[in-house]
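Asker: Sharing a structure with you now.
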Amino acid sequence: IARQKRAVFADFPQFTAKVNTFVENIENSRQNRLKLQNIIDIAKRKRELSPKHVSSFNLFLERVGKVYKYADEITPKIALEYMEHFYNKGKSKNYNNIKSCLNTVFRCVLIEANLQQSPFANIINKRVDNVNTHRNLTDEEIDAIIDGLDAK
């Protein structure tokens with residue numbers, strides 16, 4: 001044990017240099033954080049986004065960008081509070097679509113934002129009320145569609 005202590009003290013200048021380098025790396029990584037305003041540009045380069053994706057994110061940025069500046073500041077709790085505050089009273093379909101758009105945009109920038117997963121990933125979709133417009137087609141309906149296509 002005494003030999004190990006002497007070795008640590010003998011290497012102390014090298015140890016402090018490593019610690020200083022580590023601290024500098026942490027400070028540099030904080031400076032290189034992804035700003036919320038840059039997310040949509042990076043996401044567009046990686047994937048073709050619909051106008052709904054862009055408008056949903058721009059609205060999110062307008063509402064949340066006053067308080068939060070960086071992508072890694074948006075936690076799942078903040079994402080859920082945002083969805084509940086702005087989209088809870090509307091239709092479930094709209095809530096689900098907006099959540100999906102924001103989730104897609106954040107998934108495009110996981111690496112740049114230093115995130116493990118999108119903050120919108122674990123938000124559960126709301127149950128859609130009007131089930132008649134959101135259901136699988138019956139065999140008869142599929143046959144009618146095919147017959148309509150054959151007639152053209």
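The values are calculated or read from the model by the stated rules, or taken from the named source; none is laboratory data. Predicted model only: the values in this text are computed from it and were never measured. Glycine gets a Cβ as well: all are built from the backbone with ideal geometry, and neighbour counts include every protein chain shown. For accessibility, only protein heavy atoms count, side chains too; no ligands or nucleic acids. Shrake-Rupley method; radii C 1.70, N 1.55, O 1.52, S 1.80 Å.
Asker: Identify the residue in the stretch 91-116 that is touching a residue at least 12 places away in the same chain (Cβ under 8 Å) and among the β-branched types (Val, Ile, Thr) and, among all such residues, is nearest to Ser56 (Cα to Cα).
Answerer: Selected residue: Ile98.
Asker: Something else now. Yes or no: Arg30 part of a helix (DSSP H, G or I) and at pLDDT below 90?
Answerer: Criteria met by Arg30.
Asker: Starting from the stretch 44-63, take each residue that is farther than 20 Å from His85 by Cβ and list its partners that are open to solvent by 70 Å² or more (accessible area, probe 1.4 Å) and among the basic types (Lys, Arg), counting only C-beta distances under 8 angstrom and pairs at least six apart or across chains.
Answerer: From residues that are farther than 20 Å from His85 by Cβ, the pairs are Val54/Lys44.
Asker: Would you check which residues across the stretch 102-112 are under 9 Å from the mean Cα position of the chain (by Cα) and hydrophobic (A, V, I, L, M, F, W, C) and list them? So that I can check it myself, show each step before the final result.
Answerer: Quick first cut of the stretch 102-112, residues under 9 Å from the mean Cα position of the chain (by Cα) only: 102-110.
Of everything in the stretch 102-112, those that are under 9 Å from the mean Cα position of the chain (by Cα) and hydrophobic (A, V, I, L, M, F, W, C) turn out to be Leu102, Val105, Phe106, Cys108, Val109, Leu110.
Rundown of residues vs (1) within 12 Å of the chain's Cα centre (by Cα); (2) surrounded by 14 or more Cβ atoms within 10 Å (Cβ to Cβ); (3) farther than 22 Å from Gln37 by Cβ, yes/no style:
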| site | (1), (2), (3) |
| --- | --- |
| Ser56 | no, yes, no |
| Glu62 | no, no, no |
| Glu84 | no, no, yes |
| Gly90 | no, no, yes |
| Ser100 | yes, yes, no |
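Asker: Return the residue satisfying two criteria in turn: it lies in the stretch 64-74 and is open to solvent by less than 30 Å² (accessible area, probe 1.4 Å) and at pLDDT 90 or above, and of such residues it is farthest from the chain's Cα centre (by Cα).
Answerer: Val64
Asker: Test of understanding: among Ala79, Ala43, which residue is surrounded by 14 or more Cβ atoms within 10 Å (Cβ to Cβ) and either modelled with pLDDT under 90 or over 28 Å from Arg127 (Cβ atoms) (or both)?
Answerer: Ala43
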